[in-house]
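A quick write-up on the structure given underneath.
The values are calculated or read from the model by the stated rules, or taken from the named source; none is laboratory data. Keep in mind that this is a model prediction, so the values were computed, not measured. Cβ placement follows ideal geometry from the backbone for every residue including glycine, while neighbour counts extend to all protein chains displayed. These accessible areas exclude ligands, DNA and RNA; they are computed on the full protein's heavy atoms, side chains included. Shrake-Rupley method; radii C 1.70, N 1.55, O 1.52, S 1.80 Å.
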Amino acid sequence: MVTWTGDSPEGQSELMARLVYRGGSRSVDNLTPRLGTDTTGHPGKSPGLSVFTSLEHAAEPGEKAQVFDLDLLKPPLQAFPDDPTLEGGEEDHVSIAPATSEGELDEKLLKDWSAARGTGQTHWLTDLLRHAQVQLNVRRPR
Amino acid sequence: MISPNITSIDSIADYTMVGLHLEVSLVAHPVPYVVEADTRGISLFYPESVDWDAVHEAVQDILSKLAEHLLAAVPGAKWKAGRAGDPRFPLFSYQVYYHLDGDDYDPIVVGVDFAREGFAVRVSGDISGDETGHIYFDEDCEQTVAARTKSVIDGASRIARRLASQHETVLHAIRQRHPRARRG
């Protein structure tokens, strides 16, 4: 897999997968964070739309997922990888969320984004995320 | 307009492969979407050549019969129609059916998706969980058609009819959650 070098929360450089997988369809709602579940952070895990660096973590055998290229994410969207050394952090989990110009999570904008879920309206951040999609409906082999 | 250095033009059905020397200038209007290029030539796709609004309407018209079936069986069933698209993947036309237990987690999505493949469009459909991607039905729901409005509508309509005929599958899914559609 192609990788890119990003900065960990501690400022240390680490390799991170460039392609990430979001289980499910590419409906408007599935590409919009859920208020509560996705807007609340935990130690080692930032709030945001959950994606995984491997298909195996995003989908069970036979299920489908959507594929995004983190290099194609445009500001303010940013990838926040988990810190697996902390409780709640997962090795393959990444949260996609809006960031401030300083690179910090923009909680207000994230809540604004999640408030659009289920309304029938497409939030502009969902449209922005779509531009980073590189494959659709990839199936995990049975 | 393509100029100069055209070495060959091969046409098969609706498609044209133009053989070119490398380092040629390409001037075209409207601006084409270059989908493939190799040493034999390039394939061009004109985004304007498919009326995606018409395709979406055709799909929704057929899927509305599924909604009618479900509402006849369960008058209070919640559902909605949706559409998504971007320059690379032009259309996903779908309907969402919610579980009858009132929890909006992993509703059932019945949808037809479209992706460009050279001068063609790959049309695929399925009935699946919106968040898990669990597949409830997808038999014989994929085909590749020419990137022309009529061809895309014909292909999409065939697949939409197959999906719309699965009202029992959707009804069962919204009545009784599949183990994969349970939270946690």
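Structure values in brief
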item	result
Other-chain or far-sequence residues with amide H under 5 Å of B:T144's (modelled H)	B:V123
Selected from A:V20, A:V94, A:V28 as most flexible by GNM, with chain A as the system and alpha-carbon contacts under 10 Å	A:V28
Accessible surface buried once B binds A (1.4 Å probe; total of both sides; Å²)	2100
Exercise: per-residue mean of other protein chain Cβ atoms within 10 Å, B:84-90	6
Amide H partners (placed H, <5 Å) of A:Q135, local residues excluded	A:V67
Inter-chain Cβ neighbour average for residues A:126-139, partner chain, 10 Å	4
Solvent-accessible area lost in complex, 40 Å² minimum, residues of segment A:49-89 relative to chain alone, 1.4 Å	A:E63, A:K64
Percent RCO, i.e. relative contact order, over chain A, from Cα pairs under 8 Å lying at least 6 residues apart	29
Percent carbon-and-sulfur accessible area, chain A, ignoring ligands, DNA and RNA, probe 1.4 Å	50
Gyration tensor verdict on chain A (Cα atoms; rounded if a/c is under 1.5, prolate if a/b is larger than b/c, oblate otherwise)	rounded
Cα gyration tensor category, rounded, prolate or oblate, for segment A:40-100 with a/c compared to 1.5	oblate
Unsatisfied cross-links (Cα-Cα over 29 Å) in the set A:K45/A:K74; A:K111/B:K78; A:K64/A:K108; A:K74/A:K111	A:K64/A:K108
Protein accessible area in segment B:70-157, 1.4 Å probe - carbon and sulfur %	49
Residue-averaged beta-carbon neighbours from other chains (10 angstrom radius) around B:69-82	1
Per-residue SASA entry for B:H167, accessible area with 1.4 Å probe, Å² rounded to 10	50
